[in-house]
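Below: one structure, written as structure tokens.
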Amino acid sequence: MTTTKEVILDDSRVIMEALAQAGADTYIGYPITPSNAMYLYASMRFKYMLPAPDEISTLQYMSGLSAAGHLPVTATSFPGFALMIESINMAYMMELPMIIILTQRLGPATGTATAGAQGDIALLRGMISGGHPIPVLCPASIEDCWYLSKEAVQMAIELRTPVIILSSKERATTNRNFDISKLAPITPVSRKYYEGTEPYLPYKYNEASLVPDFLPVSNTKHQVRLTASTHDQKGIIQHTSEEAMQNTIRLEKKIIKYVEQKHFYTLINANNETESLIVSYGVSANAAEEAQLLLKEKGIIVDLLIVKTLLPIATEINDIIRRYKKITFAEDNYNGQYARIVFGDKLPDHVKFVGAIGKMLSPKTIIEGGIF
Amino acid sequence: METKVLNTNNLPFCKGCGHHLIAQNTAKAIESLGLNILDVVFVTDIGCHGIIDKVLNTHTVHGLHGRSVALAAGISMGLTSNKKVIVFIGDGGATIGLQHIMEAARLNVNVTVIVHNNFLYGMTGGQLSGLTPKGFNTVITPNGSPYNEHDICSLTYTAGANYVSRVIGIGDFSETIKEALQTPGFSLIEVMEICPSYGVKYNPKRKLQEIVEAANKPVKTWKNNRQPFEFPQRSVLSNLFDKTPVIEKLDLPKVLNKQIQVVLSGSAGEGVQLAATILCKAAVKHGYNITQKGTYPVTVGVGFSNAEVNISPKEIHYHGLSDPEYLIVTSIDGYDYSKKLISSLKENAVLMLDKSLSIPETKAKVMHVDFRSKGAKNAQLAALFCFAATTNIILPETLEGILAEMNMLEKFPLNEIKTELEILKN
């Protein structure tokens, strides 16, 4: 007989515990609604925890600690995230592993701290100058929070990159019951450092992964150079040399290559019975799940694609979507941000967007506004 | 093993620039201490001074403009205290990153900052910074800067740095740098210099010593004796789930065959959120799935308090509000907050309203009960018992068991409420 362990918890707790088990050891942050619970859980669980005076300091402290060999985490919402953007670009360019949890709320600017949204998708797509993609993982369930957080640590270390875990107020701060015996303990992600005897070139990449070996600045065997300026494989500033341009492009290539081989989604598929698809992610996917069930009761079969490796978009995701003749995107925003990343600014006739601003998108609205 | 800090004598600065001397003096200080070159991390800011990375044999980190002190602070927090983390920053970076310098001094991180103060932004054409002395000529203030300037030494000393010193960037000041490097905690040295390209150009008749004196910036050293930064030793949980008690399920038949919503609405400080938590625990004990969401103003001690609970025999997907079957209102704050909801309740809904509140226009069935009779703080729980007694979705015994588990039975007037409920039933 299996022993169930039914408890009441929220996504915030699950994400924090998963990150800690996966090997994240440091939390730096500034509290901001609706991420405050994550900050509190981190202070209870992470050995190294520091309140920072603001979000620019947060990301700079995180980058420094990452350079010294730690795996830091922070959680924020748009007003803090906006302050972090230049520093995340720096960590991206320096190739430093770290995790940033973005719990979306209604904007713009201060907006409404206690209202949820999925309004930062377009921002995430473009946040690295040059349009280079940064990994964004988006859980839509407790189980997702568990294994996607582990995956975030895996990606951060393996790809030497900041990784974003995307949530929103309605999932992060809503309690629900769950049998935690279903959450298998997470083995910490192992880290490998450069062990060669040759002089260490900080940005010389491995052919298979396109990722350079990491060495912390605490090591005394090899000189380490980290720089946010355009650079060559030695980490020396370059204007726009061929080697430096290849290095910059490699920053997106390494991520795209990984995602093409490993990305997460759920396709609730009624076995080729329908030409209609709903596409969703995060909290609005929960509304879409219910819409799919309600439509089925009415005799209307639709498939549901819940995207979990939200960005960059794997070719397989684009292929799945384009197999369908009627596509409905369901998002908690006003302007169909994910729909427009996939299909462009003017959605084709067979693609519809249903959204909501200032409230959760409901199954009823999806059913009334979608094309099935 | 490399022992020299600089890999060349040919530094990449304009002829006559004080940056040469800062680099050479810093190298001399490090070498005189016999430090392992790879125990040293240079963090360089943006500016002419920051192009020095490629001539350094130490670790080098070149980040964002003005953020070098915060980056260095993070690096030093991750290293043992025998390592040396040195920041090269200009007066421009020190202006942008003034807060980072203050914070680094407050925390007293093990970092030595050397400010290359040539009173202007060299790299971008000689514009003024926050450290440009009033009266100094720059490209945009050719008749003298009209603005006051910071005294970075005074600020950093007051913020708590263990060692602060101002020197004129002429000759050998390596002893000052050496002393800073040997001082645990945060140290800052402001080196005064004139930019040969822009500073001299716009202030041709002035000598460095005179500029510094006219600006009232004394050449001296200030010290504090505070504990250097260390991550505090903290005891942490080995698992966050240790704080989520396992709920033992009762083996009872379920009354509900579909999802319902219960909204609890009252005043801050009257246990609305607690009642919602207890309701959810009870529902889980009875084998249901739940979601629970709380809404209240940021001033948590005053105003309304609202909770939305979903209870379902099946998996809950969408947890948003949609035609709740039960609305419990126990105070005027809750009443005012729920006005719109009350008027939109459907006919199959039940409004459990405290007797002190007047019955509003609503399609729902109204139960007008004196929940507040046993005290404002017990009103929501009293309403839960009423809910249990009239719906059987959860049982009053289950609520009683949970209150006992939470050591709340002593203060709760259970028997009186039970008696009132019996009266209600009949």
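The values are calculated or read from the model by the stated rules, or taken from the named source; none is laboratory data. Bear in mind the structure is a predicted one, so any value in this text is a computation, not a measurement. Note: ideal-geometry Cβ built from the backbone for every residue, glycine included; neighbour counts use all protein chains shown. Areas reflect the complete protein model, heavy atoms only, side chains present, ligands, DNA and RNA absent. Shrake-Rupley method; radii C 1.70, N 1.55, O 1.52, S 1.80 Å.
Brief remarks on what is shown
- Only listed residue being at pLDDT below 95 and closer than 22 Å to A:Met62 by Cβ, chosen from B:Ser76, B:Ser68, B:Ser81: B:Ser81
- Counting only residues that are more than 17 Å from A:Lys364 (Cα to Cα), within 13 Å of chain B (Cβ to nearest Cβ) and touching a Lys or Arg at 6+ places or on another chain (Cβ under 8 Å), segment A:268-288 holds 1 of them.
- Taken over segment B:271-284, the criterion of being more than 10 Å from chain A (Cβ to nearest Cβ) and either open to solvent by less than 20 Å² (accessible area, probe 1.4 Å) or touching a Pro at 6+ places or on another chain (Cβ under 9 Å) (or both) is satisfied by B:Val272, B:Ala275, B:Ile278, B:Leu279, B:Ala282.
To keep it simple, each residue is scored yes or no on (1) within 26 Å of the chain's Cα centre (by Cα); (2) more than 7 Å from chain A (Cβ to nearest Cβ); (3) touching a residue at least 60 places away in the same chain (Cβ under 8 Å); (4) crowded, with 24+ Cβ neighbours inside 10 Å.
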| site | (1), (2), (3), (4) |
| --- | --- |
| B:Val41 | no, no, no, yes |
| B:Asp45 | yes, yes, no, yes |
| B:Asn57 | no, no, no, no |
| B:Ala70 | yes, no, no, yes |
| B:Gly74 | yes, no, no, yes |
| B:Leu79 | yes, no, no, no |
| B:Asn82 | no, yes, no, no |
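- Within segment B:326-343, residues that are touching a residue at least 40 places away in the same chain (Cβ under 8 Å) sit with their Cβ atoms under 6 Å from residues that are among the charged types (D, E, K, R) and not in a loop (DSSP other than H, G, I, E, B), at 6+ positions apart or across chains, in these pairs: B:Thr330/B:Asp354.
- Within the set B:Pro253, B:Pro245, B:Pro232, the sole residue that is open to solvent by 50 Å² or more (accessible area, probe 1.4 Å) and under 30 Å from B:Ala364 (Cα atoms) turns out to be B:Pro253.
- Only one of the listed residues (A:Lys169, A:Lys150) is basic (Lys, Arg), within 12 Å of chain B (Cβ to nearest Cβ) and within 23 Å of A:Ile100 (Cβ to Cβ). That residue is A:Lys169.
- Scanning segment B:335-352 for residues that are outside any helix (DSSP H, G or I) and more than 16 Å from B:Val262 (Cβ to Cβ) yields a single hit, B:Glu347.
- The residue of segment B:395-421 that is surrounded by the most Cβ atoms within 10 Å (Cβ to Cβ), among those that are more than 41 Å from the chain's Cα centre (by Cα) and touching a residue at least 40 places away in the same chain (Cβ under 8 Å), is B:Ile417.
- Positions within segment A:227-264 being acidic (Asp, Glu) and assigned to a loop (DSSP other than H, G, I, E, B), in sequence order: A:Asp232
- If you check B:Leu256, B:Leu264, B:Leu279 for being in a loop (DSSP other than H, G, I, E, B) and either closer than 30 Å to B:Thr183 by Cβ or not small (Gly, Ala, Ser) (or both), only one passes: B:Leu256.
- Of all residues making up segment B:285-321, the number that are open to solvent by 10 Å² or more (accessible area, probe 1.4 Å), facing chain A (nearest Cβ under 10 Å) and in contact with a helix residue (DSSP H, G or I) (Cβ under 7 Å, 6 or more places away or on another chain): 5
- Among the residues of segment B:365-385, the ones that are surrounded by fewer than 23 Cβ atoms within 10 Å (Cβ to Cβ) and touching a strand residue (DSSP E or B) at 6+ places or on another chain (Cβ under 6 Å) come to 5 in all.
- Among the residues of this structure, B:Ser197 counts as one that is open to solvent by 10 Å² or more (accessible area, probe 1.4 Å) and of a type in the set (Ser, Thr, Tyr).
- The number of residues in segment A:65-103 that are in a helix (DSSP H, G or I), closer than 17 Å to B:Ala73 by Cα and either at pLDDT below 95 or open to solvent by 10 Å² or more (accessible area, probe 1.4 Å) (or both) comes to 0.
- Qualifying residue in segment A:254-274 (condition: charged (D, E, K, R) and more than 20 Å from the chain's Cα centre (by Cα)): yes
- Of all residues in segment A:22-71, those that are at the interface with chain B (Cβ under 10 Å from one of its Cβ atoms), in contact (Cβ under 8 Å) with a residue 60 or more places away in the chain and touching a Ser or Thr at 6+ places or on another chain (Cβ under 8 Å) total 3.
- Within segment A:354-369, the set of residues being more than 10 Å from chain B (Cβ to nearest Cβ) and open to solvent by less than 40 Å² (accessible area, probe 1.4 Å) comprises A:Val354, A:Gly355, A:Ile367, A:Gly369.
- Every listed requirement among (1) over 22 Å from B:His62 (Cα atoms); (2) of a type in the set (Ser, Thr, Tyr); (3) out of contact with any Lys or Arg (no Cβ under 8 Å at 6 or more places or on another chain) is met by A:Ser57 save one, (1).
- Scanning segment A:114-127 for residues that are within 14 Å of chain B (Cβ to nearest Cβ) and open to solvent by less than 30 Å² (accessible area, probe 1.4 Å) yields A:Ala115, A:Gly116, A:Ala117, A:Gln118.
- Count of segment B:89-112 residues, restricted to those that are outside any helix (DSSP H, G or I) and within 14 Å of chain A (Cβ to nearest Cβ), is 6.
- B:His62 being more than 14 Å from chain A (Cβ to nearest Cβ) and within 29 Å of the chain's Cα centre (by Cα): no
- Pairs linking a residue in segment A:204-222 that is away from every other protein chain (no Cβ under 14 Å) to a residue that is hydrophobic (A, V, I, L, M, F, W, C) and buried (at least 18 other Cβ atoms within 10 Å of the Cβ), with Cβ atoms under 7 Å and 6 or more positions apart or on different chains, are A:Tyr205/A:Val211; A:Val211/A:Leu159.
For every residue, the table says whether it meets (1) in a strand (DSSP E or B); (2) open to solvent by 10 Å² or more (accessible area, probe 1.4 Å).
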position: B:Ser165; (1), (2): yes, no
position: B:Ala180; (1), (2): no, no
position: B:Lys205; (1), (2): no, yes
position: B:Asn225; (1), (2): no, yes
position: B:Leu237; (1), (2): no, yes
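- Filtering segment A:201-226 to residues that are part of a loop (DSSP other than H, G, I, E, B) and more than 25 Å from B:Met77 (Cβ to Cβ) leaves A:Leu201, A:Lys204, A:Asn206, A:Glu207, A:Ala208, A:Ser209, A:Leu210, A:Val211.
- Search result, residues across segment B:341-364 that are touching a helix residue (DSSP H, G or I) at 6+ places or on another chain (Cβ under 7 Å), under 27 Å from B:Pro413 (Cβ atoms) and surrounded by fewer than 19 Cβ atoms within 10 Å (Cβ to Cβ): B:Ser356, B:Leu357
- When B:Val69, B:Val61 are checked against the criterion of being of a type in the set (Val, Ile, Thr) and closer than 13 Å to B:Ser187 by Cα, a single residue qualifies: B:Val69.
- Any chance B:Pro245 is away from chain A (no Cβ under 14 Å) and either in contact (Cβ under 8 Å) with a residue 60 or more places away in the chain or more than 27 Å from the chain's Cα centre (by Cα) (or both): no
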